[in-house]
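What follows is a set of notes on a single structure, which appears directly below.
Rule-based calculations on the coordinates, nothing more; no lab input. As the structure is a computational prediction, the values presented were derived from the model and not from experiment. Cβ coordinates were reconstructed from backbone atoms using ideal geometry, including for glycine residues, and neighbour counts include every protein chain displayed.
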Amino acid sequence: MTTPIRILGIDPGLRRTGWGLITAQGTKLTYGDCGVVTSDGDLPLALRLRELFEGISRIVETVRPDEVAVEETFVNKDAQATLKLGHARAMALVVPALAGLPVFEYAANLIKKTVAGSGHAEKVQIQAMVRFLLPKAEFRVADAADALAIAITHASHRDAHALRQAHLPKGKRRTLTGQASAGQGLEGKGFSAAAAARIEAALAKQG
């Protein structure tokens, strides 16, 4: 029997960051939960980012995923909007990283192609396919549906990640479930064991 994997998909946005939890067991996908984390548009950027950080942290702590998937930034003509999206995406990346969870990133076109069969699928098509693949899914906003689509995409591609890891040199491998055999010096000082291990490994390379 394949081990069930809880996957949290995150669709970053400064105003609304969508999240969706599914469980993947072999080819079977089961809906868990979904929703959005919001920030107050009247607040300064720093405080809005803090709201996102705290909100995503609560979600990660509550749903306890095994792996996290985040959509890559879509660069458009509005540079200011792209920059703000980048700030929000940073919160979506750093929260699970600090929790010691493996984080994977997927381009918007790949998500659309995986879920709807076309890299240029419209949001309505994405939502229809999410409902088809996860019949029990309940979402009221597109951001939550997009987050579920991101989680579905990771469920479809995680075996490819594992295959690539298997062909890496031993010294460069890391498991999909995360690991930390080092980093004891930073562990317990605001860093998880996994985050501490990564930080100390980076410092060692610089040294």
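Results, tabulated for the structure shown:
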{"quantity": "Contact order relative to length of segment 32-118, as percent, for alpha carbon pairs under 8 angstrom and 6 or more apart", "calculated": "30"}
{"quantity": "Rounded FRET efficiency, nearest 0.05, which uses the C-beta distance separating Leu133 from Glu61 and R0 of 30 Å", "calculated": "0.65"}
{"quantity": "Local electrostatic count at Ser39 - Lys and Arg +1, Asp and Glu -1, tallied over other residues with Cβ under 13 Å", "calculated": "0"}
{"quantity": "Label-point separation, Asp40 to His87 (7 Å along Cα→Cβ), nm", "calculated": "1.6"}
{"quantity": "For Glu71, net neighbour charge (Lys/Arg +1, Asp/Glu -1) across residues whose Cβ lies under 14 Å away", "calculated": "0"}
{"quantity": "Farthest positive-ward along segment 21-141 dipole, Cα basis, beta-carbon charges - from Gln80, Ala108, Val63", "calculated": "Ala108"}
{"quantity": "Net charge contributed by nearby residues that have their C-beta within less than 15 Å of Lys113 (K/R +1, D/E -1)", "calculated": "-2"}
